[in-house]
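Heads up: the structure comes next, in structure tokens.
The values are calculated or read from the model by the stated rules, or taken from the named source; none is laboratory data. Predicted, not measured: the structure shown is a model, and the values here were computed from it. Positions of Cβ are backbone-derived with ideal geometry, glycine not excepted, and every protein chain shown enters the neighbour counts.
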């Protein structure tokens, strides 16, 4: 049930507004009142409100001061300011302080109700966005408490708030993308885009267009302008996965982008400034690739300000019981079914296995066991389906 607070020093106006809001049965509003700004701010500090109708001219504390202090205190209520002395300047000032809208007294009934409904819809969208963001964060959470993984997490916590470029190394399926995601989520760029490019999956003749974009007509199939991944990641993080597979020509352009914070679209002649934090990952030994002239040494040094080595699953087998429980829950949720149990002996067998495919392989095995086993997964099932 949405809660609305009316902050208004004139009792008659409070009564009229309250009656209007209470008449909106379909909204099921809970309406409370405050006779001045000081009382209104006290209520906001002690309780949660979805929408606040706040008069501007009031004794003790005017509405603009209530709005400013509420925003400074992190109160999330949506403010709709009302005043009999409304001017464009006041409306602009209120908006700058964080007000959602501004209404003049006496408020037009239709305008008031439309503004209220829009404010409630906006609140619902904000809540949904936060919920989705939380689900995404949980999806990319790094699970485990083994010593090698704790060391990785400690480095992430130190490096994430900085602008340092990070090279993430480790075998396929070990969770390099999760490390990149955590570096982004714990950085000041987390509210902006995280853009991922799998360099191994893009043909060498298309990688430059993918990264830097292209102008219309720059090549045969360029029928319209395209914005590349560097521009898409503006203000956020660009994750170059499997960078060891990138062509030398593309490496040279990435190096320039890192050195000058500028890119040029394919077929273009205009420099475009970009504000992007670049993270890279590879399963290759880049120093060996440099020695064999397949990777630029200068690019390596640009990318590897910090190097995070992600351990293989074999090196963190203590985490397997925790990972198995997580996968049992995640997969059950995806299937819309009850979570299955697994016997201790079955987990011990999984810990002894040689996981060449790392965490990706473990998840696939757990999914197979869920499908092929009864309510409890035992050692017999592990031996049969591993």
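Would you check which residues across the stretch 299-318 are in contact with a helix residue (DSSP H, G or I) (Cβ under 6 Å, 6 or more places away or on another chain) and either free of Cβ contacts under 8 Å to residues at least 60 places away in the same chain or closer than 26 Å to residue 149 by Cβ (or both) and list them? Answer for the stretch 299-318, where residues must be in contact with a helix residue (DSSP H, G or I) (Cβ under 6 Å, 6 or more places away or on another chain) and either free of Cβ contacts under 8 Å to residues at least 60 places away in the same chain or closer than 26 Å to residue 149 by Cβ (or both): 299, 300, 306, 308, 310, 311, 312, 313, 315, 316, 317. Screening the candidates 369, 350 for the property of being in contact with a strand residue (DSSP E or B) (Cβ under 6 Å, 6 or more places away or on another chain) and in a helix (DSSP H, G or I) yields one hit, 369. Within the stretch 235-266, how many residues are under 19 Å from residue 214 (Cβ atoms) and in contact (Cβ under 8 Å) with a residue 12 or more places away in the chain? Looking only at that region, the number is 16.
Where strands (runs of 3 or more DSSP E) sit wholly within the stretch 1-111, those with at least 1 residues that are without any contact (Cβ under 8 Å) to a residue 24 or more places away in the chain and under 32 Å from the mean Cα position of the chain (by Cα) occupy 101-104.
Just one of the numbered conditions (1) assigned to a strand (DSSP E or B); (2) more than 26 Å from the chain's Cα centre (by Cα) is not true of residue 384: (1).
Of all residues in the stretch 312-339, exactly one satisfies the criterion of being more than 28 Å from the chain's Cα centre (by Cα) and modelled with pLDDT under 95, namely 338. Within the stretch 303-324, being surrounded by fewer than 18 Cβ atoms within 10 Å (Cβ to Cβ), in contact with a strand residue (DSSP E or B) (Cβ under 8 Å, 6 or more places away or on another chain) and not in a loop (DSSP other than H, G, I, E, B) holds for 306, 307, 309.
Anything in the stretch 33-52 that is over 17 Å from residue 12 (Cβ atoms) and surrounded by 15 or more Cβ atoms within 10 Å (Cβ to Cβ)? List them, or say none. Listed by number, the residues that qualify are 37, 38, 39, 40, 41, 43, 44, 49, 50, 51, 52. Filter the stretch 110-149 for residues that are in contact with a helix residue (DSSP H, G or I) (Cβ under 7 Å, 6 or more places away or on another chain) and modelled with pLDDT under 90; which is surrounded by the fewest Cβ atoms within 10 Å (Cβ to Cβ)? Among those residues, the one meeting the criterion is 137.
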